[in-house]
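The values are calculated or read from the model by the stated rules, or taken from the named source; none is laboratory data. None of these values were measured; they are calculated from a predicted model. Methodologically, a virtual Cβ is constructed for each residue, glycine included, from the backbone with ideal geometry; neighbour enumeration extends over all protein chains shown. Calculation scope for accessible area: heavy atoms of the full protein, side chains included, ligands and nucleic acids excluded. Shrake-Rupley method; radii C 1.70, N 1.55, O 1.52, S 1.80 Å.
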Amino acid sequence: MSFQTALSGLNAAQINLSVTGNNIANASTNGFKRSRAEFADIYASSFASTSQVGSGVRVANIAQQFTQGNVEFTDNSLDLAINGEGFFIIKDTDGTELYTRAGAYFPDREGYIVNSKGQRLQGYQTDINGVVNNTTPIDLRLDSAASPASATDMTEINLNINANSDILPVVDFDPTDPNTYNFSTSTTIFDSLGGSHTQTIYFLKTDVNEWATFMTVDGTPVNAAPVDLEFLADGSLDPAFAGGLPYGTFDPGNGADIMTLAANFTGSTQYAGESAVNSIVQNGYTTGRISGISIDSSGVIFARYTNGQSQILGAVGMARFANPNGLQPVGDTNWAQTFESGDLVRGQAGRGTFGQVQSGALEASNVDLSTQLVNMIIAQRDFQANAKMISTEDAVTQTIINIR
């Protein structure tokens, strides 16, 4: 019986060494979770007396330890780390859904976000605010299509026009003659095809605190009758003239839609001083190509385009389980759902109990090499002690056999 007890100890020590060795081997594996061997003693009968000698040891469980690994930063925005609870959801090439903490991703030739095994990262569609509105998983994909143009229809101008300017007759206005107006400012606007045009607004003082304005696009008049502006005695814009003032329409002449143009002078002033533009912003933009990707802490993916615009492509999907230790390791730092793991709960990073996503970072293995090396020494000592026990039992047996 002592031989069997010692053999069970050898087997347990060997498994402990194997678990420790696997932990050490994966010390640099992103998203890896260490395991530990858990042991239980063996007794021949549960009805035996309290002084019964045990029959050895058995491996009760190889328990996975889902503690947080260190977050290590990289220079790739598609490298993702989870800080907190949850797993990334990936779809294998055969359609099987798996779960992982390893976050090294990149776009494949079709734009799908994949890992080195070609498994596609799963996510959700979102509303314009980046909030998940449908928890049905989708394959996340970086759309390489151009960002469409948007035609300008409003120009917002904040300026000061000189209160000491000369009064000029409106009927003499000629955009080609600087002597017929007091001040002008220009900006670039865009039509529905992304074509650029030069918009110019002219200011003529017609009376005390009263101004007439005209607009041209590429030298073509937009308004025949002047658009008036009036200021109060304190130099501020009369509230009656705040907000968008309509000027008229412009035909780009290139097949684009007719443009309807307005300007907003809210915040502008008329002080005795040089006429100057503080800011001028128009709301149109040309077409653009994707220039970069950013992912926020809630997993929302933003595509940035060369025209200065951004677009939400979706949100990284997250999964969690009541008992992560019940997940089945399937290799490649992936896990599969089992009965013991409990039901799958889907969600979005940073919402509820789900951890946050860190873009441009990877979660390192949670293996502490120092601890594992100590465990290796202990397991080796256990193995040697049990081997010595067998040697001792053999000597005792030989002594008994040699009794005459």
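Assorted remarks:
- Heavy-atom accessible area per residue - the chain, 1.4 Å, Å²: 51 Å²
- Here the dipole of the stretch 197-337 is about 820 debye; that uses its Cα centre as origin and unit charges on the Cβ of Lys and Arg (positive) and Asp and Glu (negative).
- With only the Cα atoms considered, the stretch 40-181 has a convex hull volume of 349 Å³ per residue.
- For T185, the residues 5 or more places off, or on other chains, whose built amide H falls under 5 Å of its own are I201.
- When each of the peptides 125-137, 12-24, 241-253 is scored by how many other beta carbons lie within 10 Å of its residues on average, the order from highest to lowest is 12-24, 241-253, 125-137.
- Listed candidates [x] 144; [y] 158; [z] 220 - label of the one calculated as volume of the Cα convex hull per residue in Å³: [z]
- Carbon + sulfur, % of accessible area of the chain - ligands and nucleic acids excluded, 1.4 Å: 50 percent
- Relative contact order, percent, the chain [alpha-carbon distance under 8 Å, six or more residues apart]: 24 percent
- Only lysines eight or more places from K91 in sequence, or on another chain, were considered; those with a Cα closer than 17 Å are K117.
- Report note on the peptides 178-186, 359-367: ranked by the mean count of other C-beta atoms within 10 Å, highest first, their order is 359-367, 178-186.
- For Y271 and T188, the difference between the fully extended length at 0.36 nm per residue and the C-alpha to C-alpha distance is 27.2 nm.
- Per-residue packing, averaged as other Cβ atoms within 10 Å, sorts the ranges 204-211, 188-195, 89-96 into the order 188-195, 204-211, 89-96, beginning with the highest.
- Around T249: net Lys/Arg minus Asp/Glu count, Cβ-Cβ under 13 Å: -4
- Among T287, N61, T96 the positive-end extreme of the charge dipole of the chain (Cβ point charges): N61
- Farthest toward the positive end of the dipole of the chain, out of G267, L204, W335, is the Cα of W335, where the dipole comes from beta carbon charges about the Cα centre.
- 15 Å beta-carbon shell around Y105, net charge (K/R +1, D/E -1): -2
- Its Cα centre serving as origin, the chain has a Cβ charge dipole (Lys and Arg +1, Asp and Glu -1) of approximately 3060 debye.
- Net charge in the neighbourhood of Y285 (other residues with Cβ under 14 Å of its Cβ; Lys, Arg +1, Asp, Glu -1) is 0.
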